[in-house]
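Trainee: The structure that follows is given in the form of structure tokens.
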Amino acid sequence: MNISLIFPGQGSQFPGMGKEFYEASPEARAVFDKADAVIPGLKDCIFNGPPEKLTSTAFCQPAIFTFSLAALEAFKAHPKFKNFTPRFACGLSLGELTAVVASGSLSFEEGLRLVQRRSALMDEACRLKKGGMAAVIGFSKEKILEICKQTGAEVANFNSPEQIVITGEAAKVEAASVKIKEAGAKRVIPLDVAGAFHSSLMRPAAEKFKIEIEKFKINPAKFGVVSNVDGRPATDPKEIKEKLSRQITSSVQWVASVEYIAAQGVTTFFELGPGTVLKGLIRKINSSLIVHNIEKPEDLEKF
């Protein structure tokens, strides 16, 4: 089928997400229960919060990962989607690891343990040096790259032609933000984040993650997992591991990923998990593409 699965990243979480699936779908319920066995208290945090606990390092990434894969299991169990095989899967940052599990390369429990480790390593790297991030709206990619080169800031995400996120040492991000505003950007929005994700400041996390991931058995993917690193699919275990490690410090090539998938004839995307962030970004990349959000059981009845 000419369909791709897409999975959201950190920042999409909210207390109560996935509770309807837990109550309505035995398949989704089994995923949440497995998650709670790996990380005790995770299920209660997902359903009841409070928000500050859900956004904490220990719970945020595992929570989004769990809900996205619970939604996927409910999706696959629905009569309309039985025997469904997508062409590709991809995700934004954390969502790429979700895509790897969705592809059959890694079991849910092992994937959750890897997400938990990734989250802890990134948090550890955040504490080593003060970093920052800012979203730039309505400004030339080429000019952003030029200003980043001048100031020492880096690019975290190429989210859409209209939205690029910069990252790096806090002072360098601030200097770049000032220059970008002066040069005529529509908006520059400082992001409330723990550190400089997808920057060279995450190198200690990436180096440790590369060692950690070797402890996990990755199987060949059943379909292509399109990487944030280069916007190209991987099915080989060695390549998947290498790209997951590089992804922690490299720019998220979301525009390139969506454009590649569309160029292979895919016209429809299913966004599984909390929020509609990816739908909004894809609309800006290519308005002819169709994105269906699967966040509640009733979303499965629309087709």
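Please treat every number below as a calculation from the coordinates, not as lab data. This is a predicted model, so every value here is computed, not measured. Please note: Cβ atoms are built from the backbone with ideal geometry, for glycine as well, and neighbour counts cover all protein chains shown.
Trainee: Between Ile189 and Asn83, what's the calculated FRET efficiency when r is the beta-carbon distance and R0 is 41 Å? Round to 0.05. Please list the in-between numbers first.
Mentor: Working: r = 43 Å, r/R0 = 1.06.
The value I calculate is 0.40.
Trainee: Return the subset of Lys82/Lys296; Lys149/Lys215; Lys217/Lys302; Lys243/Lys279 for which the Cα-Cα distance in this structure is over 27 Å, preserving the input order.
Mentor: Details: Lys82/Lys296 18 Å; Lys149/Lys215 37 Å; Lys217/Lys302 37 Å; Lys243/Lys279 24 Å.
From the list (Lys82/Lys296; Lys149/Lys215; Lys217/Lys302; Lys243/Lys279), the Cα-Cα distance tops 27 Å for Lys149/Lys215; Lys217/Lys302.
Trainee: Please sort 168-176, 194-202 by packing, taking for each peptide the average over its residues of neighbouring beta carbons within 10 angstrom, highest first. Walk me through the numbers on the way to the answer.
Mentor: On the way: 168-176: 20.7, 194-202: 22.9.
Top of the packing list down: 194-202, 168-176.
Trainee: Also, quick follow-up: Angle check, please: helix 26-38 long axis (alpha carbons) against the longest principal axis of the chain (alpha carbons), in degrees 0 to 90, nearest 10.
Mentor: Once rounded, the angle reads 60 degrees.
Trainee: Where the convex hull is taken over the Cα atoms of the range 130-190, what is its projected area averaged over directions, in nm²?
Mentor: The directionally averaged projection comes out at 3.2 nm².
Trainee: If you put +1 on each Lys and Arg Cβ and -1 on each Asp and Glu Cβ, how big is the dipole of the chain around its Cα centre, in Debye rounded to 20? Each step should come with its number before you reach the end.
Mentor: Numbers: 39 positive and 34 negative charges, 103 e Å.
My answer is approximately 500 debye.
Trainee: As I understand it, the dipole of the chain uses +1 on the Cβ of Lys and Arg and -1 on the Cβ of Asp and Glu, about the Cα centre. Which of Asn159, Thr66, His78 lies farthest toward its positive end?
Mentor: Asn159
Trainee: Write down the radius of gyration of the chain and its Dmax, each obtained from C-alpha positions, in Å.
Mentor: 18.4, 55
Trainee: Long-range amide H contacts for Gly91: which residues qualify at under 5 Å (H placed 1.01 Å from N, peptide plane, sequence gap of 5 or more or a different chain)?
Mentor: Phe7, Glu96
Trainee: Excluding Ala77 itself, calculate the net charge of residues whose Cβ lies under 13 Å from the Cβ of Ala77, where each Lys or Arg counts +1 and each Asp or Glu counts -1.
Mentor: Details: positive: Arg29, Lys76, Lys80, Lys82; negative: Glu27, Glu73.
That works out to +2.
Trainee: Using mean Cβ contacts within 10 Å as the protection proxy, how do 244-250, 12-18 order, highest first?
Mentor: Output ranking for 244-250, 12-18: 244-250, 12-18.
Trainee: Angle, helix 203-213 long axis vs. longest principal axis of the chain, Cα atoms, 0 to 90°, nearest 10?
Mentor: Relative to the chain, helix 203-213 is tipped by roughly 20 degrees.
Trainee: What is the helix-to-structure angle for 170-182, meaning the angle in degrees between its Cα long axis and the longest Cα principal axis of the chain, kept from 0 to 90 and rounded to the nearest 10?
Mentor: Between helix and principal axis, roughly 70 degrees.
Trainee: Any idea which of Ser251, Gly132, Leu272 is furthest toward the positive side of the dipole for the chain, if Lys and Arg beta-carbons carry +1 and Asp and Glu beta-carbons -1?
Mentor: Ser251
Trainee: Of the peptides 20-26, 120-126, 81-87, how do they stack up when ordered by the mean number of other Cβ atoms within 10 Å, highest first?
Mentor: Values: 20-26: 16.7, 120-126: 19.6, 81-87: 13.3.
Result, highest mean first: 120-126, 20-26, 81-87.
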